[in-house]
Amino acid sequence: MFRPKAYLILILLAWSSAAATAQERVWNAALDWYESVCGKCADWMDRIERGESVPKDSLQLMLGELTAVRQNLQGVWGEMTPGQRLRFEVIRDRFATGRWHKGPRAHLPTLPVLDISGPQAHKIGIAPLPGFKQYLTSTHTRVRPRLRPGVIAGIAAGVYPDFSGGVLFGITLGDWAFFAKGRGDVNRCKAEYDCLSDGTIEGGGYFWSGDEKESGRLQMTVNVAYRVFKPVSLYAGAGYGRRSLCWKDWNGAWARVTDRCFSGFAADAGILVHPVSRGPASGLTLLLGCSWVRGGYLDAEAGLGWRF
């Protein structure tokens, strides 16, 4: 028969074996989570480089988790088995050297949120940071790629009530664009006197129309645009504008219609539409807006541009 001491030894051996097995499972779970975090970080960084979408504030938060767990795993280095220590080094080196995506790319599963109870969870730092669980299920948003300057160029035209053609040219920087726009239509008439739109002549008399008119338009502005959501940017600008109008009388002389002529400070406002988000035509830009010249002249404008 076994003595009580022998029973005690057997109980202690069984308990120590179970404790060692449980601790080994804890380190395996921690290493599983560490590998998943490394894989997710590598995948997100690769997607950001391509300008794709990742979860909101993902990379910053996950890299903080990655650093904390790596440091805590290094702190319990002596308690892991040789195989676990080797696995930790392989994961760490693959991530640090950028070799994670070498070879065929595998789909990375959604990161688990491990629920390890007891003091070991705090010892290895496996408990998520505050708000981390909510973060994993948060709405995804677009993370902007690094700002790369580009060029925008195209044509612009005043379309109503007078026609005038011109060009636009500028630079782009992420969601921002800065461009100059100029258009004009030269009034070729040489006015010999002035009149008003009601038909009266300044100084007395009346204007007798010959049913011909000539208008001129000039607009030069500097504009800034900001993309408010994916296909649409708003733009506004200021500069100098001029609009002139002449009527030809029954005797063949031209009269300048003074209350229909404007010049001075000018302003632009409108939208830039990017109808194609991907592919060869992704740089296409449509301009729709209006221009105003001091004194009250307003006209509609449209344009076609390309972002390079």
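When the accessible area of region 233-308 is computed with all protein chains present and a 1.4 Å probe, what percentage of it is carbon and sulfur? Intermediate results must be reported in sequence, preceding the final value.
Numbers: 2310 of 3640 Å².
The computed percentage sits at 63.
How about K230: which aspartates and glutamates have a C-alpha closer than 20 Å to its C-alpha, ignoring those fewer than 8 places off in the same chain?
Partners within reach: E49, E52, D57, D175.
What is the percent carbon and sulfur in the accessible area of region 181-222, measuring with a 1.4 Å probe over the protein chains and ignoring ligands?
Values: 1380 of 2680 Å².
It is 52 percent, rounded to a whole number.
Taking Cα centroids, how far is region 280-308 from region 181-248 in Å?
The two parts, judged by their Cα centres, are 17 Å apart.
7 Å from Cα along Cα→Cβ at both A236 and Y160: what's the point-to-point distance in nm?
Between A236 and Y160, the label points sit 2.4 nm apart.
The values are calculated or read from the model by the stated rules, or taken from the named source; none is laboratory data. Being a predicted model, the structure only gives us computed values, none of them experimental. Positions of Cβ are backbone-derived with ideal geometry, glycine not excepted, and every protein chain shown enters the neighbour counts. What goes into the accessible areas is simple: the full protein's heavy atoms, side chains included, and nothing from ligands, DNA or RNA. Shrake-Rupley method; radii C 1.70, N 1.55, O 1.52, S 1.80 Å.
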